[in-house]
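Asks: Below is the structure I would like to discuss, written out as structure tokens.
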Amino acid sequence: MSATPRVRRQLPRPADLAPLLRLRPFEPDGTKRRLSRALTIADLRTLAARRTPRSVFDYTDGAAESEISLRRARRTFANLELRPSILHDVSVVDTTTPMLGRPAALPFSFAPTGFTRMMQTEGESAVVRVAERAGIPYALSTMGTTSIEDVAAAGPGARRWFQLYVWKDRSRAEDLMARARAAGYEALVLTVDVPVAGARLRDARNGFSFPPQLSVKTFLDGATHPNWWIDLLTTPTYSFASLDSWDGTIAELLDTLFDPSMTMADLEWVRANWDGPLVIKGIQTLEDARRVSAAGADAIVISNHGGRQLDRAPVPLRLVPDARAAVGDETEVWMDTGIMSGADIVAAIALGAHATMVGRAYLYGLMAGGERGVERAVEILRSEITRTMRLLGVNAVSELGPQHVRLP
């Protein structure tokens, strides 16, 4: 049995050590340094939680009641199987996707989210600027904290949509639609799954209100997030872009303003006041998909409101294939809820969605680093979409199909 040969050792020379001891150049810009370390949307979420008061982060991150709807949606994405096809030339990948008859550079839009300036003071203006540069649409919420006109000025070249809730006072909603039309908004996104506010228990436990109110709990939390409070106190006062001032909880506001008596007949009233493309958001059954498609919706969004309304609601991703078959080519089918990666977006389209909407993903970026954080969220999603398509062996979004994904 031969002896194991001994390794010859020597003292390293300084020239040999130099390549191993190179220090990464220091980046003096704290925001840039912080965002460069975020490789996923989950990383941005972690940064957002560190930089934002607990009640504000929980308003964004949380869902209704036991949050089962949101967990199920994310678990469905996590458990699906992507099925690649090999030996295809994927040196060039086209992520362009038609939305409402016009191309979007990526297969998603920025979903409408309320109270955006509360999450980070750059707010909706930052989001629409990123959307304009990225070539994707942005939907401004009725509950936005930047006016319809100011968002139009911030992103004059962006594809801007306006999201509407139906109010008890219909004249106010008519005024909002008229303002959006006058400001050049392309489409109306009518959200139909909020007859009353969902029970968002994180908000109730945090005593969350808008504008934020000081209490012993919020004061102590603010001591660990001084930059957020400095921004709050040194920038224009938070206000609703489309509403009068409000002093109370979010649930009380929704229940006071929104009309629980809305029916399908009200779509005729909407059409009488809006002559552009109409998107119906909040579809959770195939029968409702058929009904609103037959009523003339240009697109439907299969969505359970990010799990923020009815807990134990249907998982939108699972409805997509049947909804696409139910409405045929008459109406575009989009989906949201649970999307945390570009691979999630690719899977949704492979299952039949024409496109998707993302909300929390870009809000995590906004809280993590303002406009640059939203930009980072888009960079992450774009990179993941492109890489996933290449690994699946497809060159264009239109080539994605059910052969590329399997739901358990």
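The values are calculated or read from the model by the stated rules, or taken from the named source; none is laboratory data. What you see is a predicted model; the values in this text were computed from it and never measured. All Cβ positions, even for glycine, are placed from backbone atoms using ideal geometry, and neighbour counts span all protein chains on display. These area figures cover heavy atoms from the full protein model, side chains too; ligands, DNA and RNA do not enter into them. Shrake-Rupley method; radii C 1.70, N 1.55, O 1.52, S 1.80 Å.
Asks: FRET efficiency for ARG172 and SER85, Cβ-Cβ distance as r, R0 = 45 Å, nearest 0.05?
Replies: For R0 = 45 Å, the calculated efficiency reads 0.30.
Asks: Show which lysines lie in cross-link reach of LYS168 when reach means a straight Cα distance below 21 angstrom and same-chain residues fewer than eight apart are skipped.
Replies: Answer for LYS168, where 21 Å is the Cα cut-off: LYS281, listed by chain and number.
Asks: Something else about it: Have a look at the DSSP beta bridges in the chain and tell me what percent are antiparallel, nearest 5. Let's see the in-between values first.
Replies: Details: 7 of 33 bridges.
If we restrict to bridges inside the chain, about 20 percent are antiparallel.
Asks: Related question: Measure nothing fancy, just the Cα-based angle from helix 360-392's long axis to the longest principal axis of the chain, in degrees from 0 to 90, nearest 10.
Replies: 70
Asks: Also: Amide H to amide H, which residues 5 or more places from ALA197 or on other chains are under 5 Å from it, using H placed in the peptide plane?
Replies: Result for ALA197 returns ASP255.
Asks: Which residue, HIS354, LEU80, VAL130, has the largest displacement toward the positive end of the dipole of the chain when charges sit on each Cβ (Lys, Arg +1; Asp, Glu -1)?
Replies: My answer, from the dipole projection, is LEU80.
Asks: Any idea how far apart ARG8 and ARG312 come out in nm if each label point goes 7 Å out from Cα toward Cβ?
Replies: 7.5
Asks: Within the accessible area of the chain, what % is carbon and sulfur when the probe is 1.4 Å and the other protein chains stay in place? It would help to have the intermediate numbers written out before the result.
Replies: Values: 10210 of 18860 Å².
That fraction is 54 percent.
Asks: Let me ask another. List the aspartates and glutamates whose alpha-carbon lies under 19 Å from that of LYS32, not counting same-chain residues fewer than 8 positions away?
Replies: By straight Cα distance, LYS32 reaches ASP43, GLU122, ASP231, GLU371, GLU375, GLU379.
Asks: I would also like to ask the following. Can you compute the helix-only [θ] at 222 nm over the chain? Use -39500 (n - 2.57) per DSSP H run of at least 4 residues, normalise by all residues, nearest 500 deg cm²/dmol.
Replies: Numbers: 18 runs with 180 residues, N = 408.
Using -39500 (n - 2.57) per qualifying helix, the result is -13000 deg cm²/dmol.
Asks: Modelled label-to-label distance, THR31 and ASP150, 7 Å Cα→beta-carbon offset: nm?
Replies: Distance between the two pseudo-spin positions: 1.7 nm.
Asks: Work out from phi, with θ = phi - 60° and the Karplus expression 6.51 cos²θ - 1.76 cosθ + 1.60, the ³J(HN,Hα) of each residue of the stretch 146-162, listed in order in whole Hz, and give x for Gly and Pro.
Replies: Working through the residues one at a time gives 9, 5, 3, 6, 5, 5, 4, 5, 6, x, x, x, 7, 7, 9, 10, 10 Hz.
Asks: Which ³J(HN,Hα) values, rounded to whole Hz and listed in residue order, are derived for the stretch 169-177 from phi using the Karplus coefficients 6.51, -1.76 and 1.60 in 6.51 cos²θ - 1.76 cosθ + 1.60 with θ = phi - 60°, glycine and proline given as x?
Replies: Each residue's phi maps through the Karplus curve to give 8, 5, 5, 5, 5, 4, 5, 5, 4 Hz.
Asks: Modelled label-to-label distance, THR234 and ARG205, 7 Å Cα→beta-carbon offset: nm?
Replies: Reported label-point gap for THR234 and ARG205 is 3.4 nm.
Asks: Sticking with this structure for a sec: Go ahead and run the numbers for FRET between ARG387 and ASN227, Cβ-Cβ distance against an R0 of 35 Å, rounding to 0.05. Could the numbers behind the result be given before it?
Replies: Details: r = 34 Å, r/R0 = 0.96.
Plugging the Cβ-Cβ distance into 1/(1 + (r/R0)^6) gives 0.55.
Asks: Taking a virtual spin label 7 Å from the Cα of VAL92 along the C-beta vector, which residues in the stretch 369-395 bring their backbone nitrogen under 14 Å of it?
Replies: Counting backbone N atoms under 14 Å from the label point, the list is 395.
Asks: Right, here's the next one. So which trypsin sites (Lys or Arg not before Pro) in the stretch 86-181 pass both tests, a DSSP loop state and at most 15 other Cβ atoms within 10 Å of the Cβ? Walk me through the numbers on the way to the answer.
Replies: Working: sites: ARG117, ARG129, ARG133, ARG159, ARG160, LYS168, ARG170, ARG172, ARG179, ARG181; in loops: ARG159, LYS168.
In loop regions of the stretch 86-181 (DSSP not H, G, I, E or B), the sparsely surrounded trypsin sites (Lys or Arg not before Pro) are LYS168.
Asks: By average Cβ neighbour count within 10 Å, what is the ranking of 73-86, 390-403, 13-26 from highest down?
Replies: On the way: 73-86: 14.7, 390-403: 16.2, 13-26: 7.1.
Result, highest mean first: 390-403, 73-86, 13-26.
Asks: Could you give the angle, 0 to 90 degrees to the nearest 10, between helix 123-134's Cα long axis and the longest principal axis of the Cα atoms of the chain?
Replies: Roughly 70 degrees, rounded to the nearest 10.
Asks: Rounding to the nearest 10 and keeping the result within 0 to 90°, find how far the Cα-based axis of helix 41-51 lies from the longest principal axis of the chain.
Replies: The helix 41-51 is inclined about 80 degrees to the chain.
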